[in-house]
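Have a look at the structure below, then the notes.
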Amino acid sequence: MKAAATAPDQGAAEPTPAGALSKLVQDANNAGITYQEMEDRGRDPQGKTLPRQWYQKLVKTPPVNPPSYDQQVAISNATGRPLRHVQEAAARQWFQYEATELAGYDEEVRIIVGHLAGKPKAELMRWRMMIEAAERAQREAGE
């Protein structure tokens with residue numbers, strides 16, 4: 001005999017989605033890096049490590065304050081993710097900041113991206129298909 005499922009309590013709080021940095025660490029753990037391995041290889045610039053419980057807490061009950069720069073370096077080393085990804089994830093989780101700069105690209109690329117920013121998905125897909133078709137034609141022509 002099966003019991004009917006009860007409706008969720010209307011006053012119950014919805015579970016909050018994991019923050020970006022918490023998710024980054026959780027994804028590393030899901031990919032097979034244990035919290036102990038994170039502790040072992042997650043060294044900050046002074047060579048100190050963060051305890052495995054620190055990583056667990058970051059995933060389960062994130063602290064109110066963001067990690068320091070040194071802690072972010074340790075997280076980067078622990079998870080194998082570039083420091084820039086760790087910093088961007090911390091900025092999203094604690095400051096709701098989404099990095100949008102195009103560092104490393106020349107002025108022409110930034111201008112093109114600026115023109116496409118905010119366009120509807122269908123138009124972005126159209127531009128992508130045109131660019132890929134042009135690249136394919138160049139390859140086939142041997143250029």
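The values are calculated or read from the model by the stated rules, or taken from the named source; none is laboratory data. Since this is a predicted model, take the numbers as computed values, not measurements. Backbone-built Cβ (ideal geometry, glycine too); neighbour counts: all protein chains shown.
Go through the range 62-71 and give me each residue that's within 19 Å of residue 41 (Cβ to Cβ) and either buried (at least 18 other Cβ atoms within 10 Å of the Cβ) or of a type in the set (Gly, Ala, Ser) (or both).
67, 68, 71
So in the range 48-105, with the set limited to residues that are in contact with a strand residue (DSSP E or B) (Cβ under 7 Å, 6 or more places away or on another chain) and assigned to a helix (DSSP H, G or I), which one is nearest to residue 28 (Cα to Cα)?
Result: 77.
Is it true that some residue in the range 31-44 is among the hydrophobic types (A, V, I, L, M, F, W, C), part of a loop (DSSP other than H, G, I, E, B), surrounded by 10 or more Cβ atoms within 10 Å (Cβ to Cβ) and modelled with pLDDT under 95?
no
Exactly one of these conditions fails for residue 95: (1) at pLDDT 95 or above; (2) under 20 Å from the mean Cα position of the chain (by Cα). Give me its number.
The number of the failed condition is (1).
Pairs please, first residue from the range 38-53 and assigned by TED's automatic domain parsing to the domain that holds residue 78 and among the basic types (Lys, Arg), second anywhere and outside any loop (DSSP other than H, G, I, E, B) and surrounded by 13 or more Cβ atoms within 10 Å (Cβ to Cβ), Cβ atoms under 7 Å, 6+ apart in sequence or on different chains.
41/77; 41/78; 43/49; 43/74; 43/77; 52/35; 52/38; 52/39
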